[in-house]
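Data first, discussion second: the structure below is written as structure tokens.
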Amino acid sequence: MIMKEKLVKKNLLHKGKAVDFYCDDVMLPNKHMSKREYLGHPGAAAVLPFLDERLIVLVKQYRYPINEITLELPAGKLEKGENPLKAIRRELKEETGYKAKTFQKMISFYPSTTFSTELLHIYAAFDLTEGKSQPDVDEIVNKEILPIGEAIDMLFAGKIRDCKTVIALLFWHNLVPFKLIEEINK
């Protein structure tokens with residue numbers, strides 16, 4: 001069964017600083033016409049930084065669309081053609097002041113396939129050295145250091161709801177118990 005839709009006309013509604021908004025005309029496989037509204041996004045990268053085996057660095061910041069202060073991974077939008085690893089090195093330094101010697105790819109995913117082209121890449125960072133943060137002028141962030149277990153508890157209590165942070169913490173949470181089970185069973 002053919003499922004792919006055919007672009008008939010791309011319609012840019014608004015070209016923004018961070019994202020673009022489209023309402024494209026498409027032909028469905030059944031030959032009916034339809035519209036697809038979405039935002040064009042260049043992608044993003046995020047990092048789960050570890051100070052040691054148990055302490056992580058997150059950032060608090062106000063998010064205007066939801067009118068809340070969130071606790072989340074340091075992250076940022078990719079520049080056109082930028083490698084995600086380069087982006088997380090930049091964002092880690094800007095938002096927390098830390099630099100990392102070692103990175104490990106965790107996962108890449110689409111946060112919302114229904115209305116965005118964004119592909120988000122998450123890494124873990126280790127062997128951190130502290131420095132001075134350099135946030136962008138339109139960015140107010142506070143560095144938060146906490147045990148990863150506490151962050152996971154906050155996630156399950158509904159206090160961490162940012163999708164990239166939820167996914168990274170769940171990803172890490174699922175890796176660690178398996179390692180512990182293997183060690184116990186030896």
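Scoring LEU170 on the criteria (1) under 30 Å from ARG36 (Cα atoms); (2) assigned to a helix (DSSP H, G or I); (3) free of Cβ contacts under 8 Å to residues at least 40 places away in the same chain leaves a single failure, condition (1). For first residues located in region 1-16 and assigned to a loop (DSSP other than H, G, I, E, B), partners that are at pLDDT 95 or above and of a type in the set (S, T, N, Q) and lie 6+ apart or on another chain with Cβ distances below 8 Å form the pairs GLU5/SER34.
Among the residues of region 76-103, those identified as surrounded by 13 or more Cβ atoms within 10 Å (Cβ to Cβ) and either among the acidic types (Asp, Glu) or free of Cβ contacts under 8 Å to residues at least 40 places away in the same chain (or both) are GLY76, LEU78, GLU82, ARG89, ARG90, GLU91, GLU94, GLU95, LYS99.
Yes/no matrix, rows are residues, columns are (1) farther than 17 Å from ASN142 by Cβ; (2) touching a Ser or Thr at 6+ places or on another chain (Cβ under 6 Å); (3) of a type in the set (Lys, Arg):
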{"site": "TYR64", "(1), (2), (3)": "no, no, no"}
{"site": "LEU71", "(1), (2), (3)": "no, no, no"}
{"site": "ALA75", "(1), (2), (3)": "no, no, no"}
{"site": "LYS86", "(1), (2), (3)": "yes, no, yes"}
{"site": "ILE107", "(1), (2), (3)": "yes, no, no"}
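When THR113, THR117 are screened for being of a type in the set (Val, Ile, Thr), modelled with pLDDT under 95, out of contact with any Lys or Arg (no Cβ under 9 Å at 6 or more places or on another chain) and surrounded by fewer than 16 Cβ atoms within 10 Å (Cβ to Cβ), only THR113 passes. Here is the figure for region 51-68: residues that are surrounded by 11 or more Cβ atoms within 10 Å (Cβ to Cβ) and either of a type in the set (Val, Ile, Thr) or not assigned by TED's automatic domain parsing to the domain that holds ILE152 (or both) total 3.
Scanning region 20-50 for residues that are free of Cβ contacts under 8 Å to residues at least 24 places away in the same chain and outside any strand (DSSP E or B) returns LEU28, ASN30, LYS31, HIS32.
Looking at region 5-50, which of the residues that are hydrophobic (A, V, I, L, M, F, W, C) and under 22 Å from GLU139 (Cβ atoms) is surrounded by the most Cβ atoms within 10 Å (Cβ to Cβ)? By that ranking, first place goes to VAL47.
Evaluated against (1) at pLDDT below 95; (2) under 12 Å from the mean Cα position of the chain (by Cα), LEU73 falls short on exactly one condition, (1).
Number of residues in region 26-82 that are among the small types (Gly, Ala, Ser) and touching a strand residue (DSSP E or B) at 6+ places or on another chain (Cβ under 6 Å): the value is 6.
The values are calculated or read from the model by the stated rules, or taken from the named source; none is laboratory data. Bear in mind that the values here come from a model prediction, so they are computed numbers and not experimental data. In this analysis, Cβ positions are derived from the backbone assuming ideal geometry, glycine residues included, and neighbour counts consider all displayed protein chains.
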